[in-house]
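Let me begin by presenting the structure, written as structure tokens, before commenting on it.
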Amino acid sequence: MGIKVRKVESKSDLKQFILFPWKIYKGDDKWVPPLLFDVARRLNKKHNPYFEHAKAEYFLAERNGELVGRITAQVDKHYLEHWKERVGQFGFFEAIDDPEVANALFDTAKVWLREQGLEKMQGPFNFTINDECGLLVDGFDTPPMILMTHNPKYYQKLCESYGMKKAMDLLAYRTEASTEPDPIIVNFAELLKQKHEIKVRNMDWRNFDREMDWFVEIYNSAWEKNWGMVPLTEKELRAHALELRLLAMLWPEMNFFAEVNGKPIGMSITLPNFNEVLIDTNGRLLSLGSLKFLTHKIRSCRVFALGVKSEYRRLGVGAIFYIETLNSARRKGFQWGEMSWILETNEPMRRAIERMGGKV
């Protein structure tokens, strides 16, 4: 029998959709199982604020009654308005190593997107560029950092054999905590900090509402012209309020705002690499308290977001953030960090990271 692709229409279907990756990654010791409650929350169309400006359909592929793949197709009103392109996305793609299965899933997503009036399909995005996105094509020898993607090597072959072409390389730079940054950059950053009276402070989550407003303001300004960017809404950010509060309570020294005359001009968010402990939880976490208990084992961190408003980018704020983060990471006992991801076209950021000792 051939491949049958069907919509996810029941709670049982959704459970199968969520659990299917355990079949694909069985025996893969580099895979970090996603937290089940988090995946269920993100896929919940009634509670995920993404669906206030987007719609999606979820699909499962079967052969002889056995699940062999899954995919989502989604259309984001904010993306369409921002980029003026008739482009839809696919995401949450998982499949066995069989072109027939992958092609059936891609065809289904493409047809659904065409029915929405779209002309191109791009992915994978789970659901947007603000979530896990992209296809891993190099670096299979290590587990992914927190909120970074991981997939079998054969996924690239499945996508390319379908006719897909690379849209953009998303790079990850690794830096050892013991690496000394270029002293010229360090001194120059300090001079710029003094000259322009740039104040760098830790995020203050006691003033949570203000910090959330600043986060959204800086993000939507700093990333406005970045490839694939989708404006972030306050509701979408607040959907992660609990995680952000936990982050602030445990690691306030790793997260910064930069100000000039009391106005926000940039931010830097660094996440402890929770994947070092989540890899052993099998997708289940008893409580946030248990995560807090396990964090003493974490030895790496990821610079998750570093952005500066366009009119302030020549003030060396990125270098200031890097130095502040490196010093804090050393004090916290982190051994290495990753800056990811960085667009291949972002030459200024790439050069700065490389001069600081970062390597792809």
(Q) Here's a check for you: in segment 275-316, which residue that is modelled with pLDDT under 85, assigned to a helix (DSSP H, G or I) and of a type outside the set (G, A, S) is farthest from G333 (Cα to Cα)? (A) L288
Q.
Looking only at residues that are among the small types (G, A, S) and under 23 Å from E338 (Cα atoms) in segment 178-221, which one is surrounded by the most Cβ atoms within 10 Å (Cβ to Cβ)?
A. A189
Q. Does segment 185-225 hold any residues that are in contact with a Ser or Thr (Cβ under 8 Å, 6 or more places away or on another chain) and in a helix (DSSP H, G or I), and which are they?
A. V216, S221, A222
(Q) E197 - would you say it is in contact with a Phe, Trp or Tyr (Cβ under 9 Å, 6 or more places away or on another chain), assigned by TED's automatic domain parsing to the domain that holds L326 and not aliphatic (A, V, I, L, M)? (A) no
(Q) Report every pair of residues separated by at least 6 positions or lying on different chains whose Cβ atoms are under 7 Å apart, first residue within segment 126-139 and at positive phi, second among the β-branched types (V, I, T) and part of a loop (DSSP other than H, G, I, E, B). (A) G134/T149
Q.
Considering only segment 131-151, I want to know if a residue exists there that is over 30 Å from I353 (Cα atoms) and in contact with a helix residue (DSSP H, G or I) (Cβ under 7 Å, 6 or more places away or on another chain).
A. no
Q: Confirm whether I146 is under 26 Å from P272 (Cβ atoms), assigned by TED's automatic domain parsing to the domain that holds K26 and surrounded by 13 or more Cβ atoms within 10 Å (Cβ to Cβ).
A: yes
Q.
I need the full set of residues from segment 164-180 which are under 13 Å from L326 (Cβ atoms) and part of a loop (DSSP other than H, G, I, E, B), in order please.
A. A177, S178, T179, E180
Q: Given the conditions (1) modelled with pLDDT of 90 or more; (2) assigned to a strand (DSSP E or B), report the number of the one that L271 does not fulfil.
A: (1)
Q: Among the residues of segment 1-17, write down those that are part of a helix (DSSP H, G or I) and touching a strand residue (DSSP E or B) at 6+ places or on another chain (Cβ under 9 Å).
A: D13, L14, Q16, F17
Q: Name the one entry in L170, L113 that is of a type outside the set (F, W, Y), buried (at least 16 other Cβ atoms within 10 Å of the Cβ) and within 20 Å of V5 (Cα to Cα).
A: L113
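The values are calculated or read from the model by the stated rules, or taken from the named source; none is laboratory data. All values derive from a computational prediction rather than experimental measurement. Note: ideal-geometry Cβ built from the backbone for every residue, glycine included; neighbour counts use all protein chains shown.
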